[in-house]
1. Among the residues of the range 70-87 satisfying the criterion of being under 16 Å from Ala103 (Cβ atoms) and at pLDDT 85 or above, which is surrounded by the most Cβ atoms within 10 Å (Cβ to Cβ)?
2. Which one is modelled with the highest pLDDT, of the residues in the range 14-28 that are over 14 Å from Ala165 (Cα atoms) and buried (at least 20 other Cβ atoms within 10 Å of the Cβ)?
3. With respect to Arg96, determine if the residue is surrounded by fewer than 23 Cβ atoms within 10 Å (Cβ to Cβ), in contact with a Pro (Cβ under 8 Å, 6 or more places away or on another chain), among the basic types (Lys, Arg) and in contact (Cβ under 8 Å) with a residue 24 or more places away in the chain.
4. Scan the range 56-100 for residues that are aliphatic (A, V, I, L, M), over 18 Å from Gly141 (Cβ atoms) and part of a helix (DSSP H, G or I) and jot them down.
5. Within the range 139-154, which residues are within 14 Å of the chain's Cα centre (by Cα) and in a loop (DSSP other than H, G, I, E, B)?
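The values are calculated or read from the model by the stated rules, or taken from the named source; none is laboratory data. Everything numeric here is computed off the predicted structure, so don't read it as measured data. Here the Cβ is made from the backbone with ideal geometry for all residues, glycine too, and neighbour counts use every protein chain on show.
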Amino acid sequence: METMRIVVTGTVGAGKSTFVKTFSQTEVIDTEKKATDETSLLKKKTTVAFDFGTRNLSRNMELQVYGTPGQSRFDFMWDLLIRRAHAYILLVAANRSSAFNDAREIISFMNHRVQIPMIIAMTCTDLPGALGQEHVMFGLGFMNDRNRPPIITVNPHDKMSVLEAIMVLMAHQIFHGHGAKLPAQSTATPAQPTQQTTKSNYQWPKRQFSAGG
């Protein structure tokens, strides 16, 4: 069976763990612990390593989704997870512009380690103070259309919304993919939680369009 690995990242409270739980067909492996710092102002528990869920797209294709911690003190897990990913989603809470700088740091961190397709997914768009797409993109440092990734709205609690986000990411991967080979293996890469990690031979079509959009 071929495997595609997607990382769901973002700042604290953006909905990463909920996204993975809503997506997964299998029981989710999580590493949530009681929040003891300023994170406790947003939620009672926080991810300290990763969340992991899977879904079969067909007989021959399994999609694995890894949710990262939101706090930068766990950035060693960002590093381990992103190096084996085929693509990633950045979740951004549209109602918390104070977290946009942290989201920009996550983007910079990821893009310094890998060059893989990514999209931005806005959450909390129904809450007071939520900003629109253009304001969010500006806050994340995307001043113009050059190299701008796709941006969508997602409700991490809604299965159809989550699956649509995954489909957008996969379409972006197909049309804007950076090569056909898997990300380079790292000696520090953690094993797949449920079984021994095996190298996938999954290949995406060659890039057909320029980056952006």
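1. In this case the residue turns out to be Ile82.
2. The residue in question is Ala14.
3. No, not satisfied.
4. Correct list: Met77, Leu80, Leu81, Ile82.
5. Pro149, Pro150, Val154 - these are the residues of the range 139-154 that are within 14 Å of the chain's Cα centre (by Cα) and in a loop (DSSP other than H, G, I, E, B).
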